[in-house]
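**Q** The structure follows.
The values are calculated or read from the model by the stated rules, or taken from the named source; none is laboratory data. Predicted model only: the values in this text are computed from it and were never measured. We place every Cβ from the backbone using ideal geometry, glycine too, and count neighbours over all the protein chains shown.
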Amino acid sequence: MAYQLHPWHGISPGEEAPQIVTAFIEIVPGDTVKYEIDKASGWLKVDRPQKFSNIVPALYGFIPQTYCGESIARFCAERSGKTVRKGDGDPLDICVFSERPLNHGGVLLKAVPIGGLRLIDKDEADDKIIAVLQGDEVYSWKEIAECPESLVRRLMHYFLTYKTIPGSARVCEITHVYGREEAMEVIRRSMQDYKDSFAK
C-alpha cells in the first residue's frame, strides 16, 4: 500500500467489536499538549496546550468508524433524562488503562471495554468508553466495578475540568458511570451512526 490509511475512516473498529475494539490513541498520560486527529488529513494535530494542571490519567483516543450522531444522542437522552440536542459529531472517545506506559500517541491498539462515562457537553452527547489494553496482565478487569474507584474518579475529574477556566461555570456534566453491557451498546450505536452518516 502506497499511502497511510485515515485513522478514522480507513481502519476497522475490529472484527470482534464491540467486545474487543481497535483504538487509535491520540494522547498519553504526561502529555502537556492536547492532540487530536485532523479530520481532513488523518494526521495528529495540536488542538491546544493543556491550560492548567490537568493530565489525562489513561491512554485517550477514539474507536475508528464510529460517530456520535442521532442514535447516540437518543440513547443518552433516554438513559439520562436530560435534554440532548445531538451527538458531538466526533468519533466515539475511548480511555484505555494499561500497566505498560506508551510514550506517544498516534498508535493503534486492541482494547477491551469495561464501562463508560455518560458525558453531556453543552447539550451534546459525548460518551467516554473505559477499557483496558487487551492482554494486560495487571489491568485485566472485565467490568467497571472491578476497577479501583480512584481511577474512575480521576477520569471523571479530568473530563469535568479539562475545558473549564477557573472561576467560570462548568460546561460538562457526567450523568452516569455505566458497565460493560451498556458500553457495548454505545459502541454498537456509534458504529451504526457512522454507517448512517458516512456509508453514502
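**Q** When residues of the range 11-59 are filtered for being under 30 Å from E181 (Cβ atoms), hydroxyl-bearing (S, T, Y) and touching a residue at least 60 places away in the same chain (Cβ under 8 Å), how many remain?
**A** So the answer is 1.
**Q** If you take just the strands (runs of 3 or more DSSP E) that sit entirely in the range 1-113, which of them hold at least 2 residues that are of a type in the set (V, I, T)?
**A** 21-27, 33-37, 93-97
**Q** Here's something else I'd like to know. Which members of the range 95-126 meet the condition of being free of Cβ contacts under 8 Å to residues at least 60 places away in the same chain and either more than 22 Å from G14 (Cβ to Cβ) or under 14 Å from the mean Cα position of the chain (by Cα) (or both)?
**A** F97, L119, I120, D121, K122, D123, E124, A125, D126
**Q** Can you tell me which of Q50, Q4 is modelled with pLDDT under 95 and closer than 22 Å to L151 by Cβ?
**A** Q50
**Q** Looking only at the range 30-42, which residues are surrounded by 13 or more Cβ atoms within 10 Å (Cβ to Cβ) and not acidic (D, E)?
**A** Answer for the range 30-42, where residues must be surrounded by 13 or more Cβ atoms within 10 Å (Cβ to Cβ) and not acidic (D, E): K34, Y35, I37, K39, G42.
**Q** Mind listing whichever residues of the range 114-142 are closer than 18 Å to Q19 by Cα, of a type outside the set (D, E, K, R) and assigned to a loop (DSSP other than H, G, I, E, B)?
**A** Within the range 114-142, Q134, G135, Y139, S140, W141 meet the criteria.
**Q** Test E26 against the stated conditions and say whether it is acidic (D, E) and buried (at least 19 other Cβ atoms within 10 Å of the Cβ).
**A** Yes; evaluated as a whole, the condition is true for this residue.
**Q** Out of curiosity, is Y60 of a type in the set (S, T, Y) and closer than 15 Å to V132 by Cβ?
**A** When the stated conditions are applied, Y60 passes them.
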